[in-house]
Amino acid sequence: MQLLKLPTVRESQLYEKLNGKVKCSICERRCVIAEGGRGFCKTKTNIEGRLYTLVYGDISALESRPIEIKPFFHFYPGSTALTFSTWSCNFHCPWCQNWHLSRSEPKPEEANFISPERMIGTALKNKDEGLCVSFQEPTLLFEYSLDVFKIAREKRLYSCWVSNGYLTLEALRMLASAGMDAIKIDMKGDENVYKKYCGGLDVNVVWRNAREAKKLGMHVEIVNLVITDVNDDEACLNEIIQRHIKELGADTPLHFTRYYPAYKFSNPSTRIETLEKAYEVAKKAGVLYPYIGNMPGHRYENTYCPNCGELLIKKLGFSVLDYKIKDKKCPSCGEEIPIVGRHVRK
């Protein structure tokens, strides 16, 4: 087939053969795909009883960006990551902020192919401290991530994902083995939100993967995009907070991010009071490092010592203005602060 001659079409490393059909084992949708068909995400296809990705190294966006924009607030603060993406998604969120990428199907014949070696070379040339798969769902770049992260580890660059967290445990463990250091997971809401807006998906899969990522030694941060009249009610926010503490522990950062109308969703932007309330409820419940996002200049985007209240990392949007942590400790009271990596630049 002509497709097999294209550089972005590669056999997948994680699937089952089923009498001519194939079952993808990368995403928890576990699509069963007939000969010539594609999975839900449109990036996996069955060619002669084998599963192939159509987007290996098909890069839709590429940019060096502050790690805080992901957001990661406790992972190499002040650093930049070469950030890249491909096409499509395994979710159909009607409020998607990057819908021009997530709602576009891949076209292998027109692909912008960047080899893993060239990607790493670009990061080193740009003097980035790491790599991040973001902009759209990185699960679709699973095979490419494995190869890129292995080289990144050799070059002492960190590797991370910004994900909806709906991958399989097998895929997550393979990524950890390849060298993935961190994952930021978007928590959409409670069970009702996943069923009503995300296509009947199981919220427990996302929490399971966040928990397993921590067990595998990855740095984990959770972000809840708080959407007006979707997941901004007290019951939903409380459930996320309690589940966060139960599954990941009080020291795992929890971000409440402001939503703005996008794609097919026109509900009003999140009220500032709602975000502040979520932060304060999380803090009272025992979350040591809650944050507010998409609110540049707000006091709750800063990092404070949970013991004495000292301002440890002062931020403005995605810039680090001041960094006081010494040897991963609060300089005022000596409290251990869970920070991965060193502060690189302001």
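LEU146 falls short on exactly one of the conditions (1) closer than 24 Å to LYS195 by Cα; (2) modelled with pLDDT of 95 or more, and that condition is (1). Scanning segment 8-34 for residues that are assigned to a loop (DSSP other than H, G, I, E, B), in contact with a helix residue (DSSP H, G or I) (Cβ under 9 Å, 6 or more places away or on another chain) and at pLDDT 95 or above yields THR8, VAL9, SER12, LEU14, SER25, ILE26, GLU28.
Taking segment 63-86 as the search range and keeping residues that are of a type in the set (D, E, K, R) and closer than 22 Å to MET295 by Cβ, which one is surrounded by the fewest Cβ atoms within 10 Å (Cβ to Cβ)?
Taking the candidates together, the pick is ARG65.
Any residue that is within 26 Å of VAL206 (Cβ to Cβ) and either assigned by TED's automatic domain parsing to the domain that holds PHE75 or polar (S, T, N, Q) (or both) - is there at least one of those in segment 120-131? Among the residues of segment 120-131, at least one is within 26 Å of VAL206 (Cβ to Cβ) and either assigned by TED's automatic domain parsing to the domain that holds PHE75 or polar (S, T, N, Q) (or both), which makes the answer yes. Taken over segment 1-38, residues that are of a type in the set (Asp, Glu) and within 27 Å of VAL203 (Cβ to Cβ) amount to 2. Counting only residues that are within 18 Å of ILE69 (Cβ to Cβ), surrounded by fewer than 24 Cβ atoms within 10 Å (Cβ to Cβ) and touching a Lys or Arg at 6+ places or on another chain (Cβ under 8 Å), segment 124-137 holds 1 of them. Taking the criterion of being over 17 Å from ILE67 (Cα atoms) and of a type in the set (Lys, Arg), the residues of segment 138-180 that qualify are LYS150, ARG153, LYS155, ARG173. If we scan segment 87-107, do we find a residue that is in a strand (DSSP E or B), buried (at least 18 other Cβ atoms within 10 Å of the Cβ) and not basic (Lys, Arg)? Within segment 87-107 (the criterion being in a strand (DSSP E or B), buried (at least 18 other Cβ atoms within 10 Å of the Cβ) and not basic (Lys, Arg)), the answer is no, since none of the residues qualifies.
Among the residues of segment 35-72, those identified as closer than 30 Å to GLY317 by Cα and assigned to a loop (DSSP other than H, G, I, E, B) are ILE59, SER60, LYS70, PRO71, PHE72.
Go through the residues of segment 77-90 one by one and say whether even a single one is over 30 Å from GLU16 (Cβ atoms) and touching a His at 6+ places or on another chain (Cβ under 6 Å). Among the residues of segment 77-90, at least one is over 30 Å from GLU16 (Cβ atoms) and touching a His at 6+ places or on another chain (Cβ under 6 Å), which makes the answer yes. Of the residues GLU247, GLU273, the single one that is touching a Lys or Arg at 6+ places or on another chain (Cβ under 8 Å), modelled with pLDDT of 95 or more and among the charged types (D, E, K, R) is GLU247.
The values are calculated or read from the model by the stated rules, or taken from the named source; none is laboratory data. What you see is a predicted model, and the numbers here were worked out from it, not measured in a lab. Because the Cβ atoms are built from the backbone with ideal geometry, glycine has one as well, and the counts that use them run over all protein chains shown.
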